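Laboratory data are not the source of any read-out in this text; all were calculated from the coordinates shown. Computed from a predicted model, the values in this text were never measured in an experiment. Here Cβ is always computed from backbone atoms with ideal geometry, including for glycine, and neighbour counts include all displayed protein chains.
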Amino acid sequence: MQKQLSKELSQKFILAGKAFVTFKSIKTNKHFTYRITKKKNNDIWFVNVMYDYNTRSFNYLGCILPDKTFTHTKASQMKKCSPSWIAFKWAWNNLNNNLLEVWHEGRCGRCGRLLTEPDSIAAGFGPICRGIINSNN
């Protein structure tokens with residue numbers, strides 16, 4: 001089950017720790033799915049792109065730094081000119097753009113558990129994680 005995230009919740013969901021997110025271009029109708037995981041004890045998030053939807057296989061793209069900039073690293077498996085890298089960079093910098101839809105796959109962005117209640121599905125977080133996320137602001 002996929003659910004479109006509101007523009008207000010998108011960045012919070014993506015940086016929650018265990019997010020699976022799909023960015024869809026309204027203009028081209030193209031989309032990419034990413035896994036963004038937070039490094040333990042650090043404000044660095046690793047960004048991976050799904051390259052095989054059947055096996056749910058991912059390639060490492062780069063990371064989001066503590067200042068919230070997305071960057072390419074030595075370990076990046078995709079070049080800066082790859083469509084998935086360009087798409088993530090653009091989407092990350094334009095989360096509030098009306099040309100972009102942000103979707104989650106029905107799992108909590110923080111803990112990864114399946115979301116089952118309507119409020120949780122709408123928010124992208126289960127009730128416990130929603131309380132934790134909201135108290136961190």
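Since only Val102, Asn48, Ser10 are under comparison, the one whose Cα sits farthest along the positive direction of the charge dipole of the chain, derived from C-beta charges on Lys, Arg, Asp and Glu, is Asn48. What you get for the chain, charging only the Cβ of Lys and Arg (+1) and of Asp and Glu (-1), is a dipole of about 340 debye around the Cα centre.
Ranking request for peptides 2-9, 60-67: highest mean number of other beta-carbon atoms within 10 Å first, then the rest in descending order.
Per-residue mean Cβ counts within 10 Å order the peptides as 60-67, 2-9.
Taking every alpha-carbon pair under 8 Å whose residues sit at least 6 apart, the chain reaches a relative contact order of 29 percent.
What does the highest-first list of 107-120, 22-35 look like by mean Cβ count within 10 Å? It would help to have the intermediate numbers written out before the result.
Values: 107-120: 16.7, 22-35: 15.0.
Result, highest mean first: 107-120, 22-35.
Kindly state, to the nearest 0.05, the FRET efficiency for Ala75 paired with His31, given R0 = 25 Å and r defined as their beta-carbon distance. Walk me through the intermediate numbers first.
Numbers: r = 25 Å, r/R0 = 0.99.
Computed FRET efficiency for Ala75 and His31 comes out at 0.50.
Output the 0 to 90 degree angle, nearest 10, between the alpha-carbon long axis of helix 83-93 and the longest principal axis computed from the alpha carbons of the chain. Long axis of 83-93 versus the principal axis of the chain: about 50 degrees. A cut-off of 5 Å between modelled amide H atoms, ignoring neighbours fewer than 5 places along the same chain, links Arg107 with Leu115.
Let me have the relative contact order for region 1-76, percent, based on Cα pairs under 8 Å that are six or more residues apart. Mind dumping the intermediate values first?
On the way: 120 pairs, mean separation 13.4, N = 76.
Over region 1-76, the number comes to 18 percent.
Taking 0.36 nm per intervening residue step and subtracting the Cα-Cα distance, what contour gain separates Asn94 from Lys40 on full extension? Can you show the working numbers first?
On the way: separation 54, 0.36 × 54 = 19.44 nm, distance 2.65 nm.
Net length gain for the segment: 16.8 nm.
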